[in-house]
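Q: Here's a structure for you.
Every number in this text was worked out from the coordinates using simple rules, so none of it is lab data. Predicted model, so just to flag it, every value in this text is computed and none were measured. Please note: Cβ atoms are built from the backbone with ideal geometry, for glycine as well, and neighbour counts cover all protein chains shown.
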Amino acid sequence: MSIKEINLPLNDETVKTLKSGDRVYLNGYLYTGRDAAHKRIVESIEKNEELPFELKDQTIYYVGPAPAKPGYVIGPAGPTTSYRMDPYAVKLLDLGLKGMIGKGLRSQEVVEGIKRNNSVYFAAVGGAAALISKSIKSKELIAYEDLGAEAVFKLKVEKFPVIVVIDSEGNNLYED
C-alpha cells in the first residue's frame, strides 16, 4: 500500500483527495492541544478574544508530549484519546479547522462537523510515542504555558505518520 505525502496547512483540494484508510505522511506545521487547551480556546471564541493561532486550514494534534531528553526536540509524543475533545471540536471545525489527529472514536456530531466543513480526522498510532517523536523537528510554545505538557505548541513535522480515519465524506475506518 502506498503512502501519500502531503504538506500542511491543509486545503479543500487536498482534503477531498484523502479517503478513509489512506496512509499519510504529514509535512509542515501543526498545533497541539488537549481538552484543557480546547476549553480555553472555545472560551476565548465565546468572549470574542484573540485566539493563540489562526484556526483556518490548520491541524491540531491531540497530544501532551513528555519532557524532552537533552539533545532532543521533544519527548515521547503519542496521541491522546480524541473523544475528550468532542465537546469543543465542532465549534473549531466550523471556524475553519481542517484536520485533527488523535486516536479512537468520534461522536456523530463531530463526524457531521467533519463532513459539513470538508475536514479530516487522522489517527496516529498509539503505543509508538517515541517513534512518532522522531518526526517532530521543532517545538514552539504558543499559548497556555501554565498547562505544562497540555499547553498549545506549534510543531514542525516531517513524514509524520497518520492514517485517515474519517474522511470529508464521513467514511469511517472504525466502522467500515
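Q: Rounded to the nearest 20 Debye, what is the dipole magnitude of the stretch 3-166 about its Cα centre when Lys and Arg each give +1 and Asp and Glu each give -1 at the C-beta?
A: Values: 23 positive and 20 negative charges, 131 e Å.
In debye, rounded to 20, the stretch 3-166 gives about 620.
Q: Kindly provide the pair-distance distribution of the chain built from C-alpha pairs, with 10 Å bins from 0 and whole-percent values in order of increasing distance.
A: 11, 43, 37, 9, 0
Q: Given H placed 1.01 Å from N in the peptide plane, which residues other than close sequence neighbours of Asp57 have an amide H under 5 Å from its amide H?
A: Leu97, Lys98
Q: If you don't mind, there's one more thing I want to ask. Pairs Lys56/Lys115; Lys47/Lys91; Lys137/Lys159; Lys4/Lys159; Lys19/Lys39; Lys69/Lys134: which exceed 20 Å Cα-Cα? Walk me through the intermediate numbers first.
A: Numbers: Lys56/Lys115 16 Å; Lys47/Lys91 14 Å; Lys137/Lys159 10 Å; Lys4/Lys159 10 Å; Lys19/Lys39 30 Å; Lys69/Lys134 13 Å.
Lys19/Lys39, as the Cα separations exceed 20 Å there.
Q: When a footprinting reagent is the concern and you count Cβ atoms within 10 Å, what order do Leu147, Leu155, Leu55, Leu141 take, fewest first? Walk me through the numbers before you get to the answer.
A: Details: Leu147 15, Leu155 26, Leu55 19, Leu141 12.
Going from sparsest to densest Cβ surroundings: Leu141, Leu147, Leu55, Leu155.
Q: List Lys156, Lys47 from most exposed to least, where exposure is judged by having the fewest other Cβ atoms within 10 Å.
A: Values: Lys156 17, Lys47 8.
In increasing order of surrounding Cβ atoms, one gets Lys47, Lys156.
Q: In whole angstrom, how far apart do the alpha carbon centroids of the stretch 48-96 and the stretch 112-146 sit?
A: 6
Q: So if the hydrodynamic radius of the stretch 29-104 is defined as the Kirkwood radius over C-alpha pairs, what does Stokes-Einstein give as its diffusion coefficient at 25 °C and 0.890 mPa s, in µm² per second? Provide the component values of the computation, followed by the final result.
A: Numbers: Rh = 13.1 Å.
For these conditions, the coefficient is 188 µm²/s.
Q: Moving on. What ranking of Arg23, Arg84, Arg34 emerges when the number of other C-beta atoms within 10 Å of each C-beta is taken as an exposure proxy, fewest first? Show your work: numbers first, answer last.
A: Details: Arg23 12, Arg84 16, Arg34 23.
Ordered from fewest to most neighbouring Cβ atoms within 10 Å, Arg23, Arg84, Arg34 come out as Arg23, Arg84, Arg34.
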